[in-house]
Each structure stands twice: as C-alpha cells, then as structure tokens.
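*Asks:* Got a structure for you, written out below as structure tokens; questions coming shortly.
The values are calculated or read from the model by the stated rules, or taken from the named source; none is laboratory data. Quick caveat: nothing in here was measured; it's all calculated off a predicted structure. Glycine also receives a Cβ, built like all others from the backbone with ideal geometry; neighbour counts cover every protein chain displayed. We work out accessible area using only protein heavy atoms, side chains counted, and drop any ligands, DNA or RNA first. Shrake-Rupley method; radii C 1.70, N 1.55, O 1.52, S 1.80 Å.
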Amino acid sequence: MVTSIFSILINWLLLYGLLALGFLVYGKPLHGWRPEIAAALIATMGLGTLLLLGLTPIAEWLIRHSYDCDTCTPEEAAYLRPLFAKICRQAGNNPAQFRLYVCPKDEINALALGAKSIAVTTGLLQTATLEELEGVLAHELGHHLLNHTFWLTLTCVSGQVGNWALRLYDILLKTFGHLRFIPVLGYLVVALTWLLRLLFLLFDWFVQLPFYLGRLFGSRRNEYAADRFAAQIGCGNGLRSFLERVLAPREARAGFFERLKRTHPPAAKRVRRLAHLGA
C-alpha cells in the first residue's frame, strides 16, 4: 500500500510539473485559474480518472490479454474449478466471485490479476501434483483477498501516467535538438536541452523508484503473506511441496543477476517459513 501511494504521488507531481510548465509557456489564465491551480486540478482529475478506469472490468480484460490468458477448455475447467471451489469454501468465500484462466506457456507460473482473475500456465498444470496445485491456487487467492492485486493495479496505472509524461519530455528534448544549429540562440538551446535531459533522467529515476521499492520490499512481503494465507486455510503442505520440489531446484541453477531481479523471495526461505507455520 505504501509503495502504491508513493507511486501515485510521484507520478502526480510529474504530471503536475508538465502541465504547470505548459500553462506558464501559454502565459494566459485558464478560465480565470492561475497556472499552478489549473495544473493541480487537471493533474488530480486526470490521474484520478485513470486510476478508476484501471479498476474496471475492461482494464482487467486488457491485463489478461497482455498475459495471453485464455478461457479454460472443458477438460481444464473440470480439473480446476472443483479444486478452486474447495479452496474458496475453506477460505469462506464464494468461488463465483473469481474467474479462472489458463496461459498456454511452458513456464511454471500462476498469476492473480486485476480484481477477479486467477491464471495458471499449462507448464504448471503439467508439473504440479493435485495437492501442489491446490497450494498454488490458495496462494493466488490470498493475493486477491489480502488486496495485493488492488494496490499493484494502482501502482501500474500511475506508473503508466509517468511514462506518458516522460514521453512528452522526450518529444521536447528532440524538438529543442532541432534548434541547436541556430546562431547565438543555439547556445541557449543547447544549455536548455542539457537541463531538460537532466530533468528527464531525474524524473525517469523517480518513476521507476516505486517499482524498484515494491519489488525489493512490498512484493516479497506480499508473497510471504499469501503463503501464510494458504497455510491458514489448510493448503500449506501442497504449497510447501511445490516450492521445495519444483521452484527451489530451479532457483539453485539461476545466475547471480537473475536472482537479484527476482520479485519473489527465495523458495528455500518460503519453505522454512511454511514449516514454522506447521505446513
């Protein structure tokens, strides 16, 4: 949650800065509003509208589409839905609130997306035992019920706003670059271009910072919380078996930089925590 709020604030400031600069260049009040007030109002309404749109079913469909999620085949549905219904009953939730999808990928993975979607890859279906799959699905359900996906969506949407703003800065840089050959004025243009380039690098760092912090702290903490949720509803043994049998050996073969970029905590640590919970 803290990372998401930080991301929203950073990207609001970036959008506000661009709008305020534009109004100052325009040089006239916008319907009587001073430039800084008009920029603040438009930045708030624009970012707020996009955040609300990011929580709609259409946005969730776009997220699923970006991950190549397909509806379950009759065979996949017959295998997954009874298992997921059992997990939901153990958690005290209605399985009809959620939708199951399958991603036709060889990688072994499962995803909690948007507000109601849970997807598994064909690689996971082919690798995990029934008990292990139960543990993985319980873990993903935990992400939804603990509101992890809600805050992640807000972080991603606000980050997109920052990326759009950075693209506008990039256009500005390229525009000024075409003017640097003008005599005398060219020196001023070069100086201004370097200033804008420094601002671009600074803003780019700020836009990426919430994602880095979220990956380093928030995401790993969320994974432990979802593991704990799975153990609390009686699915810890299957999840622990999956982590120990499938993920831990794969992680042991990973290189240093691959381990550094990992958004999840090490499987071995997750196994130990699950063991402390009695799983």
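*Asks:* Among residues belonging to the range 225-263 that are open to solvent by 70 Å² or more (accessible area, probe 1.4 Å) and not in a helix (DSSP H, G or I), point out the one that is modelled with the highest pLDDT.
*Replies:* Within the range 225-263, the match that is modelled with the highest pLDDT is R253.
*Asks:* Next up: Given the conditions (1) open to solvent by 60 Å² or more (accessible area, probe 1.4 Å); (2) among the hydrophobic types (A, V, I, L, M, F, W, C); (3) in contact with a strand residue (DSSP E or B) (Cβ under 8 Å, 6 or more places away or on another chain), and given that I63 satisfies all but one, which numbered condition is not satisfied?
*Replies:* Single failed check for I63: (1).
*Asks:* In the range 114-142, how many are closer than 25 Å to L53 by Cα, open to solvent by 10 Å² or more (accessible area, probe 1.4 Å) and not acidic (D, E)?
*Replies:* 3
*Asks:* Restricting attention to the range 101-124, report how many residues are part of a loop (DSSP other than H, G, I, E, B) and either at pLDDT 95 or above or of a type in the set (G, A, S) (or both).
*Replies:* 2
*Asks:* Which condition from (1) in contact (Cβ under 8 Å) with a residue 24 or more places away in the chain; (2) surrounded by fewer than 22 Cβ atoms within 10 Å (Cβ to Cβ); (3) in contact with a Gly (Cβ under 7 Å, 6 or more places away or on another chain) is the one that L146 breaks?
*Replies:* L146 satisfies every listed condition except (3).
*Asks:* Same structure again: Name the residues in the range 86-100 that are in a helix (DSSP H, G or I), of a type outside the set (K, R) and surrounded by 14 or more Cβ atoms within 10 Å (Cβ to Cβ), would you?
*Replies:* Let us first name the residues in the range 86-100 that are in a helix (DSSP H, G or I), namely 86-91, 95-97.
Adding the requirement that they be of a type outside the set (K, R) leaves 87-88, 90-91, 95-97.
Once the filter is applied, which keeps residues that are in a helix (DSSP H, G or I), of a type outside the set (K, R) and surrounded by 14 or more Cβ atoms within 10 Å (Cβ to Cβ), the range 86-100 yields I87, C88, Q90, A91, P95.
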